[in-house]
């Protein structure tokens, strides 16, 4: 299978502002956000839920109901279609959404692997495949199952590595933007004390799944740990021994220890950075390292757009593209009256410009134009 470059477009062209990032604050200001919905949904005084948590499903289900009332008053949502890229995270989010909305549903989960023959597996209500081109087959499959695709159907489209940066095809630029942002943030804060090789070794080691119980697979935590390692407050080998021994079992243990060593911290010039992260962690903010995420927005936005004259391979390696198969499916479903809604677990700080940046003309990721790429 080969790929073809299509025209320039944006997620906004088929989703509009019916989009929500990690903070559960919809881009469309007519929709209520998590702070507005927490109490009515019986979720007061609790931290912002993450994508795979049941509370996340309850909030998003209510946002979907609101969105349907706005564009089609009087129509009640009765079923759900979910399009994503991970069996665990997206599959769980899909399951929780179905439970919260009391909707029957189907989920399409793809991760492209061109080295293996095309395949499809049905696992419960999950349609699992290794080809994004199978999305059109999935829609035909739903019709064969008698699953109606109309105004009473909500279609939730995962944005990261699905609608843009398709997993297995075009996800590397998204990951590269994140790594570049961590390195840039750490380097800027450490100045002449930054050791790029030591940073690369620490990041490569601690990003591995074996350390997820410690980092919670949270890039903010990982960036902060790399910063403190670079500052010399900890040594990587000793930290690894403590993690493996269970004496440093979670990131909270790490940052508490930094807080207890303020005299050493003051000597690094990083006290104010630590205080900002520490305050966010105590408040339950899952995105505590704001400086890193602001850099991630810039690095990610810089990877949108075209590379005129480049090969399709280079384009997919260096630019974050719209997934043409997802775009076409969305347009087809919208023509049938379905509600389309974009869902992202990327932090708002890494997805939306600051007020000053917005005044300068910068846009949220879903409004940025980039090239679309699909299979031939």
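Nothing in this text is a laboratory measurement; each read-out follows from the coordinates by a stated rule. Small disclaimer: the values here were computed from a predicted structure and weren't measured. No Cβ is skipped: glycine too gets one built from the backbone with ideal geometry, and neighbour counts run over all protein chains shown.
Measure nothing fancy, just the Cα-based angle from helix 89-101's long axis to the longest principal axis of the chain, in degrees from 0 to 90, nearest 10.
60
Give me the extension gain from residue 45 to residue 336: residue separation times 0.36 nm, minus the current Cα-Cα distance, reported in nm with one decimal.
Taking residue 45 through residue 336 to full extension adds about 100.8 nm, to one decimal.
Taking Cα centroids, how far is the stretch 1-64 from the stretch 127-167 in Å?
What the calculation gives is 18 Å, centre to centre.
For residue 244 and residue 99 in the same chain, what is the full-extension length gain: residue separation times 0.36 nm, less their Cα-Cα distance, in nm?
Residue separation times 0.36 nm, minus the Cα-Cα distance, leaves 48.4 nm.
Cα axis of helix 135-144 to longest principal axis of the chain: angle in degrees, 0 to 90, nearest 10?
50
Helix-only mean residue ellipticity at 222 nm, the chain, DSSP H runs n ≥ 4 weighted -39,500 (n - 2.57), per residue, nearest 500. What is it?
-13000 deg cm²/dmol
Per-residue counts of other Cβ atoms within 10 Å, averaged by peptide: what ranking do you get for 184-193, 87-96, 163-172, highest first?
Those peptides, ordered most packed to least, come out 163-172, 87-96, 184-193.
Evaluate the distance, in nm, between pseudo-label points positioned 7 Å from the Cα of residue 114 and of residue 363 along their respective Cα→Cβ axes.
Each label point is offset 7 Å from its Cα along the Cβ direction, giving 2.8 nm.
Mind sorting out which of (i) 19.7, 64; (ii) 21.5, 67; (iii) 30.4, 102 is the real Rg and Dmax of the Cα atoms in Å computed from the coordinates?
Matching the structure shown: (ii).
Peptides 98-107, 114-123: what's the order by average Cβ count within 10 Å, highest mean first?
Taking the mean over residues of other Cβ atoms within 10 Å, the ranking is 98-107, 114-123.
Take the alpha carbon atoms of the stretch 213-230, find their center, do the same for the stretch 246-287, and report the distance between the two centers in whole angstrom.
11
Just to confirm the number: angle between the C-alpha axis of helix 236-245 and the first principal axis of the chain, 0 to 90 degrees, nearest 10?
70
From the square roots a ≥ b ≥ c of the eigenvalues of the alpha-carbon gyration tensor of the stretch 1-157, which class results: rounded (a/c under 1.5), prolate (a/b over b/c), or oblate?
In terms of gyration-tensor shape, prolate.
Considering only DSSP beta bridges where both residues belong to the chain, give the percentage that are antiparallel (nearest 5).
Percent antiparallel among DSSP bridges in the chain is about 30.
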